[in-house]
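The values are calculated or read from the model by the stated rules, or taken from the named source; none is laboratory data. Worth saying up front: this structure is predicted, and the values here are computed from it rather than measured. When we count neighbours, we look across all protein chains shown, and the Cβ atoms used for this are built from the backbone with ideal geometry, even at glycine. To get the accessible areas, we keep the full protein, side chains included, count just its heavy atoms, and leave off ligands, DNA and RNA. Shrake-Rupley method; radii C 1.70, N 1.55, O 1.52, S 1.80 Å.
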Amino acid sequence: MRDSEELLRLIYGALVAANIDLDAIDQILEFSCEQMSDPSRRSRHAWQVNFWRAVEQVSGDPDIGIHLCPHLPLFRNSAIEYLFLSCRTFGQACRLALRYDRLVSDAFRGAIDIEGSQGVVRITGTNGSDSVLRHSEVCFVYGVIDFFAHMTQGAFVAQSVRLCCDPGPARDDYARIFACPVSFGSGKSEIRFDAALFDLESEYQNPDMLKIHCEHADREFTSLKRQDMIDQLRTAIMRRLPGSEGVDIELDDIARDIGDHGRHVRSELAAVGTSFRTLVQHVRFNMACRLLTQSNAGAETIADMLGFSGERSFRRAFKALSGITPGAYRKAQCGQSPRKADPWQVLSRMMSIDS
């Protein structure tokens, strides 16, 4: 399950605004938090477990999620945002946006109901199996409320909130920050509000623009499906590369690994302007970069591990993509003190994070 860059941007912006030491988090994660604001990223939801543990450790705050909420930037997603603006009513916008919730995240699913005089937004999948993911749930629910308030020019007000998670020591802070009663330990997250808001009309409603924005969202959906396939291909390539010395990685084999056909894979890669050969090159390059910066492996060992015909072939390919030699890259990234981790452990961690 993966989250869009907009969700990661919110957390990154909140960390900056709250003056959390990002460098200290980076050192724990061996990952730059700044990458969270990269608009091209779509990151694995499970990665947030290690991320939130690091944030708790650096901030010293077991309730960091709720305390980051006031610092969260406004959620901005062009497809979802424009749908809300061009729909006739808030209710129509909510129901239409649910068709495209995967553009935001694979980990969260929403539903909307009316119970008497209350509208109910239910969100499932936010708590996860690790308690530290309660921070993601809290920030996500707060972000939804903030977004709805913005889209209705302040008319949307949460009457109550229910969260899957159990509160930490800062239980009393939840009602103050959400500005409504908050309960805990439910099966789903819930936001309750005045059902009359479903009939609130948008001052920007435009049927013609709505059609255009739906078409735009459909294109993003198609692009996301292609990206899913590319992610599957990367994972399959990563799993075949280690120990494949002198063995070519074949398109048909990788396609079979992901349950597809070579011809279809080739067509989908061409549709996004790349090729299987280019994809293999970039997977090899990214794996080589991590081995150079996170392990003690020499160039000859890395060449063998990643299926190059020899050290010279590895050096030539690396320089063609980066402009510098593997040794120069390691020195630039690590200075005079390269990491001493076992290279096979680095590969194992890499595949557990990226696959």
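Full extension of the chain segment joining Asn50 with Phe184 gains 45.9 nm, where the gain is 0.36 nm per residue of separation less the Cα-Cα distance.
In summary, the lysines within cross-link reach of Lys319, defined as a Cα separation below 21 angstrom excluding same-chain residues under 8 places away, comprise Lys331. In region 53-152, the alpha-carbon atoms span a convex hull of 120 Å³ per residue. One Cα centroid belongs to region 280-320, the other to region 149-209; the line between them spans 50 Å. Among all the lysines, which ones have a C-alpha under 26 Å from Lys211's C-alpha, if same-chain residues fewer than 8 places away are not counted? List returned: Lys225. Of the accessible area of the chain, computed with a 1.4 Å probe over protein heavy atoms only, carbon and sulfur atoms account for 47 percent. When Trp47, Trp344, Trp52 are compared by accessible area of protein heavy atoms, the largest-first order is Trp344, Trp47, Trp52, using a 1.4 Å probe. Legend: P(r) of region 111-236 from all alpha carbon pair distances, 10 Å bins from 0, whole percents, reading 11, 31, 30, 21, 6, 0. With semi-axes defined as the square roots of five times the eigenvalues of the C-alpha gyration tensor, the equivalent ellipsoid of the chain measures 42, 26, 16 Å, largest first. Taking the DSSP beta bridges with both ends in the chain, the antiparallel portion is around 85 percent.
Using the C-alpha atoms of region 254-355, what convex hull volume per residue, in cubic angstrom, is computed?
On the way: hull volume 11.6 nm³, N = 102.
Once divided by residue count, the hull of region 254-355 is 114 Å³.
Magnitude of the charge dipole for the chain, about its Cα centre and with charges confined to Cβ atoms of Lys, Arg (+1) and Asp, Glu (-1), is about 1040 debye.
Amide H contacts of Gly119: Phe193, Asp194, Ala195, each under 5 Å away and 5 or more positions distant or on a separate chain (H built 1.01 Å from N in the peptide plane; Pro and chain starts excluded). Placing unit charges on the Cβ atoms of the charged side chains and taking the dipole of the chain about its Cα centre, the candidate lying farthest along the positive direction among Met229, Phe147, Ala158 is Met229. Average accessible surface for region 87-153: 37 Å² per residue, computed with a 1.4 Å probe over protein heavy atoms with every protein chain in place.
Result for the chain in a Gaussian network model with C-alpha springs under 10 Å: among Leu321, Leu306, Leu15, the largest mean-square fluctuation is at Leu321.
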